[in-house]
Amino acid sequence: MTRADYSRTCAGCGSVVTEDWVNGQKCFRCYEPGQTCGYIVGIERFLPYVPAWCPKMGGCLRPPERYEVQKK
Ligand SMILES: [Zn+2]
């Protein structure tokens, strides 16, 4: 059984594209082919639990719920 490694981020996986986000922020999407291709892996900074579903970083776990933006 493989456990998620929460100590890493998607940074350096080679498939991350930086895109414009709201309020002048930047978001990062990982386009590594697979179930989770195109998922947002961070906003302004990389989220540490992301590689749990990034195939390139040894993830391949079940995709998480779609990332929802908390709008105020
Ligand atoms: Zn990735």
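Here, the stretch 16-57 has an Rg and a Dmax of 10.1, 30 Å when only alpha carbons are counted. Neighbour counting of Cβ atoms within 10 Å sorts the residues S7, S15, fewest neighbours leading, into S7, S15. Simple point charges give the picture: +1 on the Cβ of Lys and Arg, -1 on the Cβ of Asp and Glu, and for the stretch 16-57 a dipole about the Cα centre of about 100 debye. With the highest mean first, a sort of the peptides 38-48, 21-31 on other beta-carbon atoms found within 10 angstrom per residue produces 38-48, 21-31.
Every number here is computed from the coordinates shown, using simple stated rules; none is lab data. Given the structure is predicted, the values throughout are model-derived calculations rather than measurements. Every residue, glycine among them, receives a Cβ derived from its backbone with ideal geometry; neighbour counts consider all protein chains shown.
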